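This report concerns only the one structure given below.
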Amino acid sequence: MPKRQMDTAMWEKPWFRKLEPVLKIAWIYLLHSCDYVGVWDADYDLADFKIGTKVDWPKLKTDCNDNIEVLANGKWWIVDYCSFQYGDVRAISKSSLQKAVHDKLVSHDLWDQYLARVGVPYGQGTGRVGGTLPPTLLSISKRNEVKEKEKKAYGENVLLSGQEYDRLVAEYGERSTKAAIRKLSAYKLQKGKEYKSDYGAILSWAMRSVLEKGGVPEPTKAAPLPNPFDLEHYEKTGQLKKKESK
């Protein structure tokens, strides 16, 4: 059986405390029955049967503090489920879990909507599942607290914070990062496309495109030339022979 993290602090949240008892059970049922990115196939009859009573599902959606979004296909999405369970989900990652979560979000056509929420500190404003991330994810969440005013232009029209740029350079190298920025910039100019998060767009496809072509290798540093006055170096390498005493 899959195991999921639960926010034990939700019992302290005013919106949850105000729910009718049956709606509290229905909310917990959603957390247990959704898929691993928070999407629930809204089978009301089955849910009523398992809960043991009829649930007023529209009222749950209205009273749950904007935590639920109804998708075009009728499925329900718990909007911050991924942020709570996984922290910072990346499109390009060596982690098989991260890749699976990314691909699942894409399959639901929710990747852009997830990225739009990445820059919002967890637990603030409406649309938050709960207040505090588990300790293992807290530091990851704090890295996402990037304010728009801190971002600057890289290239002609790609906006990144210094932290986002440094993170890309640390993970993929400066040359590959600049190549991905150029690719995204050219695409935005050509198509007139704007992204809610240019950093998210780089992780989602621009960097992947660069890496699929082998990336851009960083220049190798040449070995420093030896000091011409370092006689010991030349003796060790055999380029200078000691005079034998007579």
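The values are calculated or read from the model by the stated rules, or taken from the named source; none is laboratory data. All values derive from a computational prediction rather than experimental measurement. Every residue, glycine as well, gets a Cβ built from its backbone with ideal geometry; the counts of neighbours run over all protein chains shown.
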(message) Need pairs with beta-carbon distance below 7 Å; first residue under 17 Å from Ala206 (Cα atoms) and within segment 76-105, second among the β-branched types (Val, Ile, Thr) and modelled with pLDDT of 85 or more; sequence gap 6+ or separate chains.
(response) Val89/Val101
(request) Select from segment 71-99 the residues that are among the β-branched types (Val, Ile, Thr) and closer than 22 Å to Asp7 by Cα and list them in ascending order. (result) Ile78, Val79, Val89
(request) Take segment 28-43 and flag every residue that is assigned to a helix (DSSP H, G or I) and within 25 Å of Asp112 (Cα to Cα). (result) Leu30, Leu31, His32, Ser33
(message) Based on this model, can you work out whether Gln163 counts as at pLDDT 55 or above, within 12 Å of the chain's Cα centre (by Cα) and part of a helix (DSSP H, G or I)?
(response) no
(message) Considering only residues that are touching an Asp or Glu at 6+ places or on another chain (Cβ under 8 Å) and either closer than 18 Å to Leu115 by Cα or of a type outside the set (Gly, Ala, Ser) (or both), which ones fall in segment 173-194?
(response) Glu174, Arg175, Leu184, Lys188, Leu189
(message) Restricting to segment 44-85, give me the number of residues that are of a type in the set (Phe, Trp, Tyr), assigned to a strand (DSSP E or B) and over 20 Å from the mean Cα position of the chain (by Cα).
(response) 1
(request) Report yes if Trp15 is under 30 Å from Trp111 (Cα atoms), in a helix (DSSP H, G or I), touching a residue at least 40 places away in the same chain (Cβ under 8 Å) and in the same structural domain as Val106 (by TED's automatic domain parsing), otherwise no. (result) yes
(message) What's the number of the only condition in (1) at pLDDT below 85; (2) more than 14 Å from the chain's Cα centre (by Cα); (3) outside any helix (DSSP H, G or I) that Thr136 fails to meet?
(response) (3)
